[in-house]
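Participant: Below is the structure I would like to discuss, written out as structure tokens.
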Amino acid sequence: MNIYTTPSLAQKLSANEKAIYIGLSVFVAGELTNFYHHVELATLRPAGSTSYVIPRGGLVNYVVCPHYFG
């Protein structure tokens, strides 16, 4: 039993290889975006520094929290 969709739609989607590959591609792209921006945010300041640094580049130019966007 699937609580997120009807059984007939779940059966159609699970049998559709194209939908599975598209879904996996979107998931992997989102995870890579998330990982990239987490690394960028983690390495903004040099070790021992307490100054505030404004992130630049990546999706930061377009959205406030790109690591959540991915």
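The values are calculated or read from the model by the stated rules, or taken from the named source; none is laboratory data. All figures in this text were calculated on a predicted structure; none of them were measured in a lab. Don't worry about glycine lacking a Cβ; one is built from the backbone with ideal geometry, like all the others, and counts go over all protein chains shown. Keep in mind that these areas ignore ligands, DNA and RNA; they rest on the heavy atoms of the full protein, side chains included. Shrake-Rupley method; radii C 1.70, N 1.55, O 1.52, S 1.80 Å.
Participant: Take the residues in the range 25-70 that are assigned to a loop (DSSP other than H, G, I, E, B) and among the polar types (S, T, N, Q), then tell me which one is least open to solvent (accessible area, probe 1.4 Å).
Facilitator: S49
Participant: Okay, next question. List the pairs whose first member sits in the range 17-39 and is within 16 Å of F69 (Cα to Cα), whose second member is in a helix (DSSP H, G or I), and whose Cβ atoms are under 6 Å apart, counting only residues at least 6 apart or on separate chains?
Facilitator: So the pair list comes out as N34/H67; H37/G58; H37/P66; H37/H67; H38/H67.
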